[in-house]
1. Using a 7 Å offset from Cα along Cα-Cβ at Arg305, what residues in the range 318-351 end up with backbone N under 12 Å from the label point?
2. 5 Å is the cut-off here: which amide hydrogens, built 1.01 Å from N in the peptide plane, fall below it relative to His361, excluding neighbours closer than 5 in sequence?
3. Which one, Leu302, Gly259, Gly353, is farthest towards the positive end of the dipole of the range 254-365 when Lys and Arg carry +1 and Asp and Glu -1 on their Cβ?
4. Hey, what's the Kirkwood Rh for the range 38-121 if you take every pair of different alpha carbons, in angstrom?
5. Using only Cα atoms, what is the ratio of the radius of gyration of the range 130-279 to 2.2 N^0.38 Å?
6. Need one number: the % of Cα-Cα pairs in the range 233-321 sitting beyond the 19 Å mark.
7. How much accessible area per residue does the range 412-478 have, in Å², with a 1.4 Å probe?
8. Give the calculated FRET efficiency between Asp419 and Ser62 to the nearest 0.05, with a Förster radius of 56 Å applied to their Cβ-Cβ distance.
Amino acid sequence: MRGGSVAGPPLLVVGCGVAGLCTALAAAPRPVLLVGRGCRGEDSASALAQGGIAAALGTGDSVAAHVADTLAAGAWHNDPGRVQLLAEAAPGAVAWLEAQGVAFDRLGPALRLAREGGHRCARVLHAGGDASGARIVAALVDAAQRAPHIRWRGGVDVHGLQLRSGCVTGACLRGVDDEGAAPVDEWVEAAGVVLATGGIGALFARTTNPEGADGAGLALAMAAGAAVADLEFVQFHPTALDVPGHSLPLVTEALRGAGARLLDASGRPLMAGRHPQGDLAPRDVVARAVWQAGQEDGGARLDARGLDIEWARDFPTVLAHCLGHGIDPRTELVPVVPAAHFHMGGVATDALGRTGVPGLHAVGEVACTGVHGANRLASNSLLEGVVSGRRLGACLAKAAPPPVRAGASRRVLRGPGLDAAGLAHLRRLLSEAGGPVRTAAALEAALAETRALAGAGWQAELAVGILEAARRRPRSLGTHWLHEPLALART
Ligand SMILES: Cc1cc2nc3c(=O)[nH]c(=O)nc-3n(C[C@H](O)[C@H](O)[C@H](O)COP(=O)(O)OP(=O)(O)OC[C@H]3O[C@@H](n4cnc5c(N)ncnc54)[C@H](O)[C@@H]3O)c2cc1C
């Protein structure tokens, strides 16, 4: 813990990924208590981001083109006004990150721009090659640790909210440091609570997300009565490294941007004839092709052999992961599999992160602002975390302190979690029914089993919400891809 003295209840920011860090920094001079399960954001998805951050900075590129690509990737389910705001703010967000100490990769004086799926031109900035997320988080953590208005506590799970007269006025912090010891709960007063708790990938059997991306913040917001939106839209990354385990290493899309190609088990180009953008088609399209290859004929491989790249400079993370599993991507094909990667749905918010529950805000991946539509465009989520976090923080900095609320307080808790066996079972159910290709029969079966589990843990209650949302959407859209149209559900 560090920071200056705090007068009155601070603003509580939950989550030390890019969204939480940017919100906390921008909220100056309002006192902020920044909490997370990890200590320096090392457990966040933000720190794992490889590809980078999208901004229309290249010659011939434009905000309009960034907007058009975001809408096309999102299957036009996006909120166009919010997409416009995001793309317009991108160059300023990059300049601000540079001012925080992020050194983006350059070719001489010019920024180096890479291409990823769904982008029709090179638009993605990296820092340290594919170590972009780690570099960005490190710079923001340093800035937050220097900021006198921020007090920091790691090793904390937020699992309850306190409401007074319908307004969120505090939260329950549960220590997660002492393994084996009985958890210690501490209720703290707050001038407002910002959930920046990330996504839900860890609820699926195979994910690129860290283990802590379990939807805890989303579940808490739902318990407090916040509205949610688009829960059915879960993006699967087409190229996680196909090795045993739950949280799998990612093989960044930027490798395909640099010329790598997906092959089927017989060595034929997997994406040939499937989409005009081929290997760089939007993620949902490529993920379905890789999923199908896994169902039908021995899976997919990424061929990155012989590329004209400097592995140690441009892809040090992928190289280390592959070598660590005995695969040399410079000379061997890399086995890949789709894995749960990003949640487009979440706590419904307006452009300022307001949830509809007074005093409760959501920002970053846990929120659904409508910007990503039914399928996020690659490298738009770090961008969203920076842009939305800074906007929300600046707005909270100017807001008048909330009035002192009299009246009885009410406490809502996320509730107990599933045991290890229950969680493993739930992950299998969600993956089979809510994966890159869905069927009515699998959704019905998974819903029945998940509802039966719901009393046993909050993760199952959240999964019911996801599966019910999928069951309510009768036609394919973006990442919600149905084998056949569904009869409309009556739930
Ligand atoms: C492997 C990988 C690669 C990616 N690559 C890119 C990329 O190149 N470009 C891009 O734009 N996006 C990328 N993404 C997506 C992007 O990283 C995330 O969407 C984004 O970083 C989410 O940021 P966030 O701040 O909302 O959440 P996170 O970064 O996930 O941070 C969540 C924080 O909340 C904390 N937390 C959660 N629950 C609780 C709780 N109950 N109590 C206390 N703390 C809690 C966690 O400890 C963590 O600190 C990638 C994702 C992954 C997994």
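1. Answer for this model: 328-334.
2. Excluding prolines and chain starts, which carry no amide H, the hits are Val193, Val194, Leu195.
3. Gly353
4. Values: mean 1/r = 0.0695 Å⁻¹.
Averaging 1/r across every pair of different Cα atoms and inverting gives 14.4 Å.
5. So the Cα radius of gyration is 1.39 times the expected 2.2 N^0.38 Å.
6. Details: 1478 of 3916 pairs.
So the portion of pairs separated by more than 19 Å is 38 percent.
7. On the way: 2710 Å² over 67 residues.
Here the per-residue accessible area is 40 Å².
8. Values: r = 52 Å, r/R0 = 0.93.
The calculated FRET efficiency here is 0.60.
The values are calculated or read from the model by the stated rules, or taken from the named source; none is laboratory data. None of these values were measured; they are calculated from a predicted model. Neighbour counts are summed over all protein chains in view; Cβ atoms, including those assigned to glycine, are modelled from backbone coordinates with ideal geometry. With ligands, DNA and RNA removed, areas are computed over all heavy atoms of the protein, side chains included. Shrake-Rupley method; radii C 1.70, N 1.55, O 1.52, S 1.80 Å.
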